[in-house]
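Enquirer: Got a structure for you, questions after.
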Amino acid sequence: MSTEILMPALSPTMEEGKLAKWHVKAGDRISSGDVIAEIETDKATMEVEAVDEGVVSQLLVAEGTEGVKVNAPIAILQGDDEPQAKVPNGAPPLAPQAQAPKPQAIKPPVVPREPELAPDTQMHAITVREALREAMAEEMRRDPTVFLMGEEVGQYQGAYKISQGLLDEFGPKRVIDTPITEQGFAGLGVGAAFGGLRPIIEFMTWNFAMQAIDQIINSAGKTLYMSGGQMGCPIVFRGPNGAASRVGAQHSQSYGAWYAAVPGLKVVAPYFAADAKGLLKAAIRDPNPVIFLENEMCYGRSFDVPKDIDHTVPIGKARVIREGSDVTIVSYSITVGMIMQAADILAKEGIAAELIDLRSLRPLDTQTVVKSVKKTNRIVIAEEGWPVCGIASEIATQVIEQAFDYLDAPPARVTGKDVPMPYAANLEKLALPTVDEIVAAVKSVCYRS
Amino acid sequence: MAKADVTSRAALPTKPKPSKDELAHFYREMLLIRRFEEKAGQLYGMGLIGGFCHLYIGQEAVVVGMQSAIGEGDQVITAYRDHGHMLACGMDPAGVMAELTGRSGGYSRGKGGSMHMFSREKNFFGGHGIVGAQVPLGTGLAFANQYKGNDRVCLTYFGDGAANQGQVYESFNMAELWKLPVVYVIENNQYAMGTSVQRASAETQLHKRGSSFNIPGHEIDGMDVLAVRDAGDFAVKWCREGKGPIILEMKTYRYRGHSMSDPAKYRTREEVDQVREKHDPIDHACQLLLDNKFATEESLKELDKEIRAIVNHAAEFAQTSPEPNPSELWTDIVH
Ligand SMILES: Cc1ncc(C[n+]2csc(CCOP(=O)(O)OP(=O)(O)O)c2C)c(N)n1
Ligand SMILES: [Mg+2]
């Protein structure tokens, strides 16, 4: 019996990869566990192990081939016969294959430049991942008190490769691998900040910062106030926030509203690479504790970034990323990509949406939002977080308080559903906000069907 | 009761040689876990399993040996590397695999996934994604046993990496203070993701980690199912007799990456091959079966076929069981 060996998916978000190296050739006998090939993805090179036993009868993809799609046949194996299992009696009919949801392929429309950028500013396109890395590296070069600490940030080069290369450049004194002990190293970071250093504390994901939330809120967030202004805490806590792909309830949470509720903290959640870089640099220089919320799904997206290493983005300022007259759509982080897609769809139906990327959640730039609403008279707020007591609820309240008389329709929210994140592919899709939901919400506030 | 010198690497009392049935059972259980995990890895590669998927390959002797030490009503709790624990608890491979594919036939009806699975019926309390969080939970299950006055014991598993979490030590203190019937099984597979024990732990002999709480601890060869069985029997008896918690540090090894998406550059291929070739727990049991004439090459081949059929059936079920009904999104949030 011969079987095809298929190009494997090696990570939750992989769609294709490069077949970097074959470790076997036609005619080789392999058994389970043997390394048969090496595959490169954007994040790593991984070894592929054989699962079945048999003789490789043919290699179908040549070494060095790029862009091999997941599940494409790469070799043929002449297997030792094994009994075929029967479908159990009464088993339901074959269900459609559940595929890991593909990261949304977003072709970003041209985004107007920052108004404050000089017209001759040199730009280059880099990924959000590179932007974050550059921000840390540049600030570490500039200021010797800045250091990076967290799980797997050094030798492993970062669980999501944000800190790749930093250990090489700055050495183990300034790029520090910790044990898995979030409450401990978050608190240690706060103490180090009291002691005059500028720590960047990476959480592998923000889900794990719940182990440390007391130190973040009680120790980092309140000391300036409690000390009558004597002692501040210049620290950045950063890492990926929100849902990744199919990682389930304990690993898929959005913490924007949680931290934005706390006086004494600053909170940012950028979408574009330029903002990721500019805000991270501003956060590192800021004398206060800054919560820096990234998004794993966006790490690989590329955008234009100013080349100037002194470019920073002020914390607490939203940005109008597209002007329009009919409705204001407000968002932050990953859902900014969705409101941009929604705006394109709406434009085709004659609705001109004004888009605002909040970028910072505390301080919250309500002024920019209110100004826009006074022009458009309608507002939709989109976020991935839960609906109850969310950022969207806060924006809606502010708009009602400050621009009630300008509203032609009640504010509408599009959010993650009010449930823990389910694992199943179909349910996960339903739990997350979608472009269609944003389009529908806009139509409803515009009284269009 | 042991007080001062509470930790030891000395061998625990050993039981008589295993019977044919016992050894054959161990072998079968370990092989089932191995084949199940290989299949899970394959389904992951095909995109049928999503998210994180942490395989237990290499560590099979730990759960199989420990499971033989407990009985009806004893509980098991662990972290996210949990497929082996569930199979050892007697959970149905098809139900576990269908949870991995996120289908309605899965143990959590597709809502939990690889890291979050439970079975009330089999006293398996999860399946937890947050490193270290299961340790106070297992301690609490032991508390409930003591409170109810039954003589049940909770096996609380965690990794070498988890052994550095603060809540582990908060648990140790309470467990010894109140003499709770909990066996802390530290699965020391030598790495927490890419970080070796040496790079993360000031005291690398993890069985000593209870010494400042007066909890006895023992280092066990976790690649030898019989050594695990003997230690398990001793520890469970210790708890049942009301002597409080006990720590078993299982020296073991995972062959695969931390999860499916780990390039595993922090160790050499030789290191992995060395363990695989010289210390494989399944090969070891297989050799014992043959040496004792408890099995023949033929009978082992038959068994392998039988196990492959079970696993293939599980994989089939996991692909044919329908996705959960969309209405499931809104169920089970609160009672
Ligand atoms: C609180 C917390 N921090 C970090 C993580 C990410 N993480 C998942 S598993 C893991 C390594 C744990 O290693 P170990 O306890 O040795 O268990 P093993 O994976 O070896 O079974 C890490 C850092 C997490 N899930 N929870
Ligand atoms: Mg480990």
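The values are calculated or read from the model by the stated rules, or taken from the named source; none is laboratory data. The model shown is predicted, which means the values in this text are computed figures rather than measured ones. We place every Cβ from the backbone using ideal geometry, glycine too, and count neighbours over all the protein chains shown.
Enquirer: Taking helices (runs of 4 or more DSSP H) that fall entirely within the stretch B:137-243, which contain at least 3 residues that are away from ligand 2 (no atom under 16 Å from the Cβ), touching a residue at least 24 places away in the same chain (Cβ under 8 Å) and closer than 24 Å to B:His83 by Cα?
Expert: Working: elements: B:166-177, B:197-200, B:225-240.
Counting at least 3 such residues, we get B:225-240.
Enquirer: Sticking with this one: What number of residues within the stretch A:211-252 are surrounded by fewer than 21 Cβ atoms within 10 Å (Cβ to Cβ) and assigned to a loop (DSSP other than H, G, I, E, B)?
Expert: Looking only at that region, the number is 8.
Enquirer: Check off (1) part of a loop (DSSP other than H, G, I, E, B); (2) within 14 Å of chain A (Cβ to nearest Cβ); (3) touching a residue at least 60 places away in the same chain (Cβ under 8 Å) for B:Gly73 and give me the number that stays unchecked.
Expert: For B:Gly73, the failing item is (2).
Enquirer: Residue by residue through the stretch B:175-194, note down the ones that are in contact with a helix residue (DSSP H, G or I) (Cβ under 7 Å, 6 or more places away or on another chain) and within 16 Å of ligand 1 (Cβ to nearest atom).
Expert: B:Val185, B:Ile186, B:Glu187, B:Asn188, B:Gln190, B:Ala192
Enquirer: Check the stretch B:211-220 and report whether any residue there is surrounded by fewer than 24 Cβ atoms within 10 Å (Cβ to Cβ) and within 15 Å of ligand 1 (Cβ to nearest atom).
Expert: There is no residue in the stretch B:211-220 that is surrounded by fewer than 24 Cβ atoms within 10 Å (Cβ to Cβ) and within 15 Å of ligand 1 (Cβ to nearest atom).
Enquirer: In the stretch A:68-83, how many are assigned to a loop (DSSP other than H, G, I, E, B), farther than 19 Å from A:Lys25 by Cα and within 36 Å of the chain's Cα centre (by Cα)?
Expert: Just the residues of the stretch A:68-83 that are assigned to a loop (DSSP other than H, G, I, E, B), to begin with: A:70-72, A:80-83.
Subset that is farther than 19 Å from A:Lys25 by Cα: A:70-71, A:81-83.
Within this subset, residues satisfying the condition of being within 36 Å of the chain's Cα centre (by Cα) are A:70-71.
Residues flagged as assigned to a loop (DSSP other than H, G, I, E, B), farther than 19 Å from A:Lys25 by Cα and within 36 Å of the chain's Cα centre (by Cα) within the stretch A:68-83 amount to 2.
Enquirer: What residue, of A:Ile200, A:Ile162, A:Ile216, is touching a strand residue (DSSP E or B) at 6+ places or on another chain (Cβ under 7 Å), closer than 26 Å to B:Gly159 by Cβ and modelled with pLDDT of 95 or more?
Expert: Numbers: A:Ile200 fails: closer than 26 Å to B:Gly159 by Cβ; A:Ile162 fails: touching a strand residue (DSSP E or B) at 6+ places or on another chain (Cβ under 7 Å).
A:Ile216 is the lone residue from the list that is touching a strand residue (DSSP E or B) at 6+ places or on another chain (Cβ under 7 Å), closer than 26 Å to B:Gly159 by Cβ and modelled with pLDDT of 95 or more.
Enquirer: Out of the residues in the stretch A:223-258 meeting the condition of being within 17 Å of the chain's Cα centre (by Cα) and among the hydroxyl-bearing types (Ser, Thr, Tyr), tell me which one is farthest from ligand 2 (Cβ to nearest atom).
Expert: Only one residue fits best here, namely A:Ser254.
Enquirer: Then there's this: So which residues in the stretch B:290-319 are β-branched (Val, Ile, Thr), more than 10 Å from chain A (Cβ to nearest Cβ) and touching a residue at least 24 places away in the same chain (Cβ under 8 Å), if there are any at all? Even if it seems obvious, please write down each step before you answer.
Expert: Our first condition is that a residue be β-branched (Val, Ile, Thr); within the stretch B:290-319, this holds for B:296, B:307, B:310-311.
Next cut, more than 10 Å from chain A (Cβ to nearest Cβ) only: B:296, B:307.
Within the stretch B:290-319, just B:Ile307 meets the criteria.
Enquirer: Can you name every residue in the stretch A:290-328 that is among the hydroxyl-bearing types (Ser, Thr, Tyr) and outside the structural domain of A:Glu384 (by TED's automatic domain parsing)?
Expert: Restricting attention to the stretch A:290-328, the residues satisfying the condition of being among the hydroxyl-bearing types (Ser, Thr, Tyr) are A:299, A:302, A:312, A:325, A:328.
Of everything in the stretch A:290-328, those that are among the hydroxyl-bearing types (Ser, Thr, Tyr) and outside the structural domain of A:Glu384 (by TED's automatic domain parsing) turn out to be A:Tyr299, A:Ser302, A:Thr312.
Enquirer: (1) within 13 Å of another protein chain (Cβ to nearest Cβ); (2) surrounded by fewer than 22 Cβ atoms within 10 Å (Cβ to Cβ); (3) assigned to a helix (DSSP H, G or I): which one isn't true of A:Gln155, the others all being true?
Expert: Every condition holds for A:Gln155 apart from (3).
Enquirer: Counting only residues that are surrounded by 21 or more Cβ atoms within 10 Å (Cβ to Cβ) and among the hydroxyl-bearing types (Ser, Thr, Tyr), which one in the stretch B:93-140 is nearest to B:Ser171 (Cα to Cα)?
Expert: Looking at residues that are surrounded by 21 or more Cβ atoms within 10 Å (Cβ to Cβ) and among the hydroxyl-bearing types (Ser, Thr, Tyr), I get B:Thr139.
Enquirer: Against the definition (within 14 Å of chain A (Cβ to nearest Cβ), within 28 Å of B:Thr268 (Cα to Cα) and of a type in the set (Asp, Glu)), how does B:Glu203 come out, yes or no? Give the derivation first.
Expert: Numbers: within 14 Å of chain A (Cβ to nearest Cβ): yes; within 28 Å of B:Thr268 (Cα to Cα): yes; of a type in the set (Asp, Glu): yes.
When the stated conditions are applied, B:Glu203 passes them.
Enquirer: Another question, if that's okay. Would you pick out the residues in the stretch A:24-81 that are surrounded by 16 or more Cβ atoms within 10 Å (Cβ to Cβ) and among the basic types (Lys, Arg)?
Expert: Across the stretch A:24-81, the qualifying residue is only A:Lys43.
Enquirer: A further question follows. Consider the stretch B:287-315. How many of its residues are of a type in the set (D, E, K, R) and not in a helix (DSSP H, G or I)? Spell out the reasoning first.
Expert: Let us first name the residues in the stretch B:287-315 that are of a type in the set (D, E, K, R), namely B:291, B:293, B:297-298, B:301-302, B:304-306, B:308.
Cutting the leftovers down to not in a helix (DSSP H, G or I) gives us B:293.
Qualifying residue count for the region: 1.
Enquirer: Give me the residue from the stretch A:34-67 that is within 14 Å of B:Gly45 (Cβ to Cβ) and outside any strand (DSSP E or B) and, out of that set, nearest to the other protein chains (Cβ to nearest Cβ).
Expert: Looking at residues that are within 14 Å of B:Gly45 (Cβ to Cβ) and outside any strand (DSSP E or B), I get A:Val51.
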